[in-house]
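The values are calculated or read from the model by the stated rules, or taken from the named source; none is laboratory data. Since the structure is predicted, the reported quantities are computational estimates derived from the model, not experimental observations. Note that each Cβ is placed from the backbone with ideal geometry, even for glycine, and that neighbours are counted across all protein chains shown. Accessible surface areas use protein heavy atoms only, side chains included; no ligands, DNA or RNA. Shrake-Rupley method; radii C 1.70, N 1.55, O 1.52, S 1.80 Å.
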Amino acid sequence: SQQGEEDPQALSIQEGENATMNCSYKTSINNLQWYRQNSGRGLVHLILIRSNEREKHSGRLRVTLDTSKKSSSLLITASRAADTASYFCATDAAAGNKLTFGGGTRVLVKP
Amino acid sequence: DTGVSQNPRHKITKRGQNVTFRCDPISEHNRLYWYRQTLGQGPEFLTYFQNEAQLEKSRLLSDRFSAERPKGSFSTLEIQRTEQGDSAMYLCASSLRQQETQYFGPGTRLLVL
């Protein structure tokens with residue numbers, strides 16, 4: 001079963017705009033990760049935030065984590081057409097490090 | 001290419017046939033994971049190995065599914081007596097034990113007719 005929900009399910013923006021997507025989860029976590037998936041391909045790891053962190057940056061990506069609300073957000077600044085993809089949050093709760101994914105947000109960046 | 005590789009990339013089979021997929025992880029990674037992803041959904045965990053030991057299996061992994069990692073290197077996932085509901089993308093990932101980031105392969109897309 002999916003750990004959480006992602007919101008929105010789909011997002012369409014113009015190149016240069018910012019894209020924000022949210023992820024909610026249900027159980028306590030060790031860390032939360034964001035992955036990108038281009039159509040029909042494997043997942044690419046974007047960023048990991050640990051449960052004791054509140055915010056993390058990587059290039060044009062900014063991730064926040066609120067463990068009290070069991071939610072996270074991913075912000076992509078100055079979007080590019082190449083950012084068109086599905087974005088998934090995944091939580092790591094157990095010692096085995098298996099990941100539990102959300103349903104994903106499909107982002108379309110129009111040139 | 002030193003990433004995770006999966007073969008075949010695509011497989012079309014008839015209902016009732018057996019299929020086997022292979023995953024070659026990044027060479028120094030001792031953890032290997034299998035996930036399944038259906039259209040429009042996020043990946044779902046199936047099973048994982050640490051070296052050659054299979055440490056956890058999801059309830060999604062029915063008795064028609066079997067996974068092996070005989071020498072702690074590559075892994076195979078076999079589905080016996082395939083059903084149309086098995087149609088999905090099967091993803092493999094690997095990681096170092098102490099490292100949380102999982103590196104995914106390109107996946108094997110299975111279509112059961």
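Of the residues B:ARG15, B:ARG69, B:ARG59, which exhibits the maximal mean-square fluctuation in a Gaussian network model of chain B defined by a 10 Å Cα contact cut-off? Looking only at B:ARG15, B:ARG69, B:ARG59, the largest GNM fluctuation is found for B:ARG59.
Taking 7 Å steps out from each Cα toward its Cβ at B:HIS10 and B:THR76 produces label points 2.4 nm apart. Note on B:LYS71: lysines with a C-alpha under 20 Å away, same-chain residues under 8 apart excluded, are B:LYS57.
Considering only alpha-carbon pairs that sit under 8 angstrom and 6 or more positions apart, the relative contact order computed for chain A is 38 percent. Surface burial for B against A, with a 1.4 Å probe and both sides summed, reaches about 1800 Å² of accessible area.
At a probe radius of 1.4 angstrom, the accessible area of chain A per residue rounds to 46 square angstrom. Pairs of Lys residues in chain A are counted when their Cα atoms are under 28 angstrom apart and they lie 8 or more places apart or on different chains; the count is 10.
Rounded to the nearest whole Å², what accessible area per residue is found for chain B with the 1.4 Å probe? It would help to have the intermediate numbers written out before the result.
Values: 5710 Å² over 113 residues.
For chain B, the solvent-accessible area averages 51 Å² per residue.
GNM remark for chain A: springs join alpha carbons under 10 Å apart, and the peak mean-square fluctuation among A:GLY42, A:GLY16, A:GLY59 falls on A:GLY59.
Figure legend: label point modelled 7 angstrom from the Cα of A:SER28 along Cα→Cβ; residues of the range A:46-73 with amide N under 20 Å from it are A:49-54, A:65-72.
Would you compute the Debye intensity of the protein assembly as shown from its alpha-carbon atoms alone, equal scatterers and no solvent, and pass along log10 I(q)/I(0) at q = 0.09, 0.10 Å⁻¹ to two decimals? Results for the protein assembly as shown at q = 0.09, 0.10 Å⁻¹ read -0.36, -0.45.
Can you give the translational diffusion coefficient of chain B in µm²/s, computed by Stokes-Einstein from the Kirkwood radius over Cα pairs at 37 °C and 0.692 mPa s? Intermediate results must be reported in sequence, preceding the final value.
On the way: Rh = 13.9 Å.
Rounded to a whole number, D works out at 235 µm²/s.
Extension gain, A:ASP7-A:GLU55: 0.36 nm per intervening residue step, less the Cα-Cα distance, totals 15.4 nm.
Can you give the FRET efficiency to the nearest 0.05 for A:LYS110 and B:LEU39, using r as the Cβ-Cβ distance and R₀ = 25 Å?
In this case the efficiency is close to 0.60.
For chain A, a Gaussian network of Cα nodes joined below 10 Å ranks A:LYS69, A:LYS26, A:LYS56 by mean-square fluctuation, and the top entry is A:LYS69.
For the protein assembly as shown, with all protein chains present and a 1.4 Å probe, just round the carbon and sulfur fraction of the accessible area to a whole percent. List each step's numbers first, then the result.
Numbers: 4880 of 10860 Å².
Accessible surface attributable to carbon and sulfur in the protein assembly as shown totals 45 percent.
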